[in-house]
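Engineer: Take a look at this one; I'll ask things after.
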Amino acid sequence: MTTARIVVTLKNGVLDPQGKAIEGALGTLNFQGVGKVRQGKVFDVELDTKDRAKAESDLNAMCEKLLANTVIEDYAVEIVEE
Amino acid sequence: MRTAVILLPGLNRDRDMIAAITKISGKPPVTVWQTETEIPNVDLIVIPGGFSYGDYLRCGAIGARMPVMEALRKKAEAGVRVIGVCNGFQILLETGLLPGALMRNASLKFVCREVKLEVTNAGTPFTASYRQGEIIRCPVAHHDGNYFADGETLARLNGNGQVVFRYAEGSNPNGSIEDIAGIVSEAGNVLGLMPHPENLIETAHGGTDGRGIFENALGLSDLAGAA
């Protein structure tokens, strides 16, 4: 089995109102020196394979076809356990 | 003329849409469930609004991957007219039939109110009965209506006249880039828009500003044939 973590983030230049609201809330809680906050998504995916190359190619395809909207989002795939 | 309405779990404007289409075309639309792999021969296919799959992952993302969408793609490529309203617009973007993406409203608030729309292209099959630059009223009700596309896509949309409706007179309710409220595909037969024209089609609604979109799409307006 392979376990992977996929992180999806908004592309640079895409407005992130949710990140901005979180940024504001951190300020309200008196955290000093907080710069920009951007919100993203994390997917932990288990795959029934030990073939790392196949896992990576499947995970990238999953990102392209469903997990990320590449119009507005970037994604990064990391194999965390083989 | 025959019409079809695509149904997915979580949509909630389907009954309004069916009622509007029935009233305007004189015949109830065929309803097509998400798992169908074929859509019957019709003149107009509509995806109504709502929250298909609870907006999980991204609004419209899961619905756009259902089997019926492949059938929709074939119909759209064959030139059949398609309208996606609200969640239907979000789904059309997620299928790639229209370019761009719809994101969370800049205000982070759900907006439910009337806006003013400018008809920025009266030369499409959906807008032929309107005047270029005409300001119409239309209700909106959404949380994710903030249209985004990169500079290259925007330039293409503007150059091809694909931006059909813009929020007018400072009424942009969601932070949409360039006040974009509705666009058509490059071929012109697929329309996606956030506002709900199906809720302004008879005088009991307080106006009929949205009726023309359906009449035009169905070839029922005097001017629709010219587009």
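Read-outs: derived from the displayed coordinates by stated rules, not from any lab. Owing to the predicted nature of the structure, the values given are computational and were not obtained by experimental measurement. Cβ atoms come from the backbone with ideal geometry, glycine included; neighbour counts cover every protein chain shown.
Engineer: Inside the range A:51-78, can you point out the residues that are crowded, with 16+ Cβ neighbours inside 10 Å and not in a helix (DSSP H, G or I)?
Structural biologist: A:68, A:69, A:71, A:72, A:73, A:75, A:77
Engineer: Out of everything in the range A:39-48 that is more than 13 Å from chain B (Cβ to nearest Cβ) and surrounded by 13 or more Cβ atoms within 10 Å (Cβ to Cβ), what residue ends up being farthest from residue B:94 (Cα to Cα)?
Structural biologist: A:47
Engineer: Next up: Report yes if some residue within the range B:148-160 is in a loop (DSSP other than H, G, I, E, B), over 23 Å from residue A:10 (Cα atoms) and either hydroxyl-bearing (Ser, Thr, Tyr) or touching a residue at least 24 places away in the same chain (Cβ under 8 Å) (or both); otherwise report no. Reasoning before the result, please.
Structural biologist: Quick first cut of the range B:148-160, residues in a loop (DSSP other than H, G, I, E, B) only: B:149-150, B:160.
Filter once more, keeping what is over 23 Å from residue A:10 (Cα atoms): B:160.
Those left that are additionally either hydroxyl-bearing (Ser, Thr, Tyr) or touching a residue at least 24 places away in the same chain (Cβ under 8 Å) (or both): B:160.
Yes, the range B:148-160 has at least one match.
Engineer: With B:92, B:108 as the choices, which residue is out of contact with any Phe, Trp or Tyr (no Cβ under 8 Å at 6 or more places or on another chain), within 20 Å of residue B:13 (Cα to Cα) and within 14 Å of another protein chain (Cβ to nearest Cβ)?
Structural biologist: Going through B:92, B:108 in turn, just one is out of contact with any Phe, Trp or Tyr (no Cβ under 8 Å at 6 or more places or on another chain), within 20 Å of residue B:13 (Cα to Cα) and within 14 Å of another protein chain (Cβ to nearest Cβ): B:92.
Engineer: Among the residues of the range B:26-69, count how many are small (Gly, Ala, Ser), part of a loop (DSSP other than H, G, I, E, B) and surrounded by 13 or more Cβ atoms within 10 Å (Cβ to Cβ). Steps first, answer last, please.
Structural biologist: Of all residues in the range B:26-69, those small (Gly, Ala, Ser) come to B:26, B:49-50, B:52, B:54, B:60-61, B:63-64.
Going one step further and asking which of them are part of a loop (DSSP other than H, G, I, E, B), we end up with B:26, B:49, B:60-61.
Next, only the ones that are surrounded by 13 or more Cβ atoms within 10 Å (Cβ to Cβ) stay: B:49, B:60-61.
Result for the range B:26-69: 3.
Engineer: Also, quick follow-up: Considering each of A:28, A:2 in turn, give the residue that is among the β-branched types (Val, Ile, Thr), touching a helix residue (DSSP H, G or I) at 6+ places or on another chain (Cβ under 6 Å) and away from chain B (no Cβ under 14 Å). I'd like the intermediate steps shown before the answer.
Structural biologist: On the way: A:28 fails: touching a helix residue (DSSP H, G or I) at 6+ places or on another chain (Cβ under 6 Å).
Just one listed residue meets the conditions, A:2.
Engineer: If I ask for residues that are more than 22 Å from residue B:220 (Cβ to Cβ) and either out of contact with any strand residue (DSSP E or B) (no Cβ under 7 Å at 6 or more places or on another chain) or aromatic (Phe, Trp, Tyr) (or both), which ones from the range B:16-38 would you list?
Structural biologist: Of everything in the range B:16-38, those that are more than 22 Å from residue B:220 (Cβ to Cβ) and either out of contact with any strand residue (DSSP E or B) (no Cβ under 7 Å at 6 or more places or on another chain) or aromatic (Phe, Trp, Tyr) (or both) turn out to be B:33, B:35, B:36, B:37, B:38.
Engineer: Among the residues of the range B:70-83, write down those that are over 15 Å from residue B:4 (Cα atoms) and either assigned to a strand (DSSP E or B) or aromatic (Phe, Trp, Tyr) (or both).
Structural biologist: Once the filter is applied, which keeps residues that are over 15 Å from residue B:4 (Cα atoms) and either assigned to a strand (DSSP E or B) or aromatic (Phe, Trp, Tyr) (or both), the range B:70-83 yields nothing.
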